């Protein structure tokens with residue numbers, strides 16, 4: 001027997017959940033297909049910034065937790081309805097198709113019961129023919145959109161010595177890490193007072209590289225929920241020189257993987273190479289936390305041969321980001337992307353047309 005567990009919001013969860021939030025988050029953290037975007041903490045963050053969230057869990061007849069999902073709901077513009085979205089979920093053993101199908105069915109049923117016009121999932125799976133067959137067998141179809149980065153770079157931290165992390169890096173990257181140190185750049189853990197500084201740097205970076213950022217309140221909420229005061233899974237790290245902040249980043253350590261989630265830097269002092277030392281110290285922190293992989297979180301969605309052939313000449317989109325990140329070595333990987341089920345074909349078609357015009361999914365995070 002499979003039973004859904006569907007609390008509507010974090011504030012009601014202690015009264016209505018079969019499984020406490022902490023138990024779900026612990027399940028996700030130890031699961032081979034778990035991700036911090038599937039924690040109750042992430043759902044709580046999104047519920048503070050324009051979403052609703054609920055947890056749909058599946059248990060066996062003996063009440064063993066075997067899978068489920070944090071579902072995010074957001075109202076679409078133009079009165080098109082609501083979308084249900086599972087970032088890096090559901091969390092389930094995808095090798096067991098019967099269980100995976102049951103989890104997808106209950107997740108879809110939950111989404112429909114809340115009036116969604118469709119369900120979007122972005123599982124923690126790499127893009128392989130086998131996993132594509134699995135998702136198809138579970139009743140899902142691929143979608144021509146994605147919310148989370150489709151392609152990224154993973155750095156191996158599961159090594160004997162720190163030098164074994166440094167040695168695969170490009171020579172120039174290793175040099176820049178050392179250069180920053182020699183010129184007096186230092187890295188420290190950020191404080192709540194540094195969030196405003198981080199946001200100001202983010203505005204500068206967004207203007208320089210032409211991308212959107214969240215409001216300051218979002219970063220403050222994230223660090224409050226995931227930082228040392230609560231979940232203790234994230235750190236704001238700050239690079240400075242002569243007490244002047246030059247760069248900062250936010251890193252999350254969850255399970256055996258750390259993720260570089262947000263980063264920003266000043267237009268000043270770039271010749272001191274603070275961002276290189278900052279990434280290196282974040283990797284060292286992650287390794288000390290027991291992480292085996294450091295996820296650089298997003299590069300252009302192109303084959304590695306295309307990336308290598310074009311990174312010197314391309315500056316649009318994430319190409320400048322790739323030029324920086326490739327220097328740290330690592331493995332380029334591609335996730336399976338967004339799959340889903342459509343419950344209201346007419347409204348989904350209208351949503352797809354609006355998305356093409358706006359060049360956005362209508363979702364974020």
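The values are calculated or read from the model by the stated rules, or taken from the named source; none is laboratory data. Note that the structure is a prediction, hence the values are computed from the model and not measured. Using ideal geometry, Cβ is built from the backbone for each residue, glycine included, and neighbour counts are taken over all protein chains shown.
Of everything in segment 278-300 that is buried (at least 22 other Cβ atoms within 10 Å of the Cβ) and out of contact with any strand residue (DSSP E or B) (no Cβ under 6 Å at 6 or more places or on another chain), the residue that is nearest to residue 235 (Cα to Cα) is 279. Screening the candidates 180, 247, 239, 253 for the property of being part of a strand (DSSP E or B), buried (at least 22 other Cβ atoms within 10 Å of the Cβ) and either modelled with pLDDT under 95 or out of contact with any strand residue (DSSP E or B) (no Cβ under 7 Å at 6 or more places or on another chain) (or both) yields one hit, 253.
In this structure, does residue 120 turn out to be out of contact with any strand residue (DSSP E or B) (no Cβ under 9 Å at 6 or more places or on another chain) and surrounded by 17 or more Cβ atoms within 10 Å (Cβ to Cβ)? So residue 120 fails the test. Considering segment 10-45, the residues that are surrounded by fewer than 15 Cβ atoms within 10 Å (Cβ to Cβ) and part of a loop (DSSP other than H, G, I, E, B) include one that is modelled with the highest pLDDT, namely 32.
Which of the residues spanning segment 46-65 are crowded, with 19+ Cβ neighbours inside 10 Å, within 18 Å of residue 226 (Cβ to Cβ) and over 17 Å from the mean Cα position of the chain (by Cα)? Across segment 46-65, the qualifying residue is only 55. Checked against the criterion of being more than 17 Å from the chain's Cα centre (by Cα), in contact (Cβ under 8 Å) with a residue 24 or more places away in the chain and buried (at least 19 other Cβ atoms within 10 Å of the Cβ), the candidates 259, 275 yield just one match: 275.
Name the single residue that is modelled with the lowest pLDDT among those in segment 66-88 being more than 19 Å from residue 145 (Cα to Cα) and surrounded by fewer than 22 Cβ atoms within 10 Å (Cβ to Cβ). Top of the filtered list is 78. With respect to (1) modelled with pLDDT under 95; (2) closer than 22 Å to residue 37 by Cβ, the lone exception for residue 113 is condition (2). In segment 256-274, of all residues being outside any strand (DSSP E or B) and out of contact with any helix residue (DSSP H, G or I) (no Cβ under 7 Å at 6 or more places or on another chain), the one that is farthest from residue 156 (Cα to Cα) corresponds to 268.
Here is a list: 110, 99. Which entry is in the same structural domain as residue 32 (by TED's automatic domain parsing), crowded, with 21+ Cβ neighbours inside 10 Å, in contact with a strand residue (DSSP E or B) (Cβ under 7 Å, 6 or more places away or on another chain) and in a helix (DSSP H, G or I)? Step by step, each of 110, 99 is checked, and only 110 is in the same structural domain as residue 32 (by TED's automatic domain parsing), crowded, with 21+ Cβ neighbours inside 10 Å, in contact with a strand residue (DSSP E or B) (Cβ under 7 Å, 6 or more places away or on another chain) and in a helix (DSSP H, G or I). Looking across 202, 221, 217, one residue alone is farther than 27 Å from residue 255 by Cα and under 20 Å from the mean Cα position of the chain (by Cα). It is 202.
Answer yes if at least one residue in segment 317-332 is touching a strand residue (DSSP E or B) at 6+ places or on another chain (Cβ under 8 Å), at pLDDT below 85 and buried (at least 18 other Cβ atoms within 10 Å of the Cβ), and no otherwise. Yes: segment 317-332 contains one or more residues that are touching a strand residue (DSSP E or B) at 6+ places or on another chain (Cβ under 8 Å), at pLDDT below 85 and buried (at least 18 other Cβ atoms within 10 Å of the Cβ). Restricting attention to segment 140-160, does a residue exist that is modelled with pLDDT of 95 or more, assigned to a helix (DSSP H, G or I) and surrounded by fewer than 20 Cβ atoms within 10 Å (Cβ to Cβ)? No - not one qualifying residue is present in segment 140-160. In summary, residue 141 fulfils each of the numbered conditions (1) touching a helix residue (DSSP H, G or I) at 6+ places or on another chain (Cβ under 8 Å); (2) in the same structural domain as residue 37 (by TED's automatic domain parsing) with the single exception of condition (1).
Residue 208 passes every criterion in (1) modelled with pLDDT of 95 or more; (2) touching a strand residue (DSSP E or B) at 6+ places or on another chain (Cβ under 9 Å); (3) surrounded by fewer than 15 Cβ atoms within 10 Å (Cβ to Cβ) apart from (1).
When segment 211-225 is filtered for residues that are exposed (fewer than 15 other Cβ atoms within 10 Å of the Cβ) and either assigned to a helix (DSSP H, G or I) or at pLDDT 95 or above (or both), the ones remaining, listed by number, are 215, 217.
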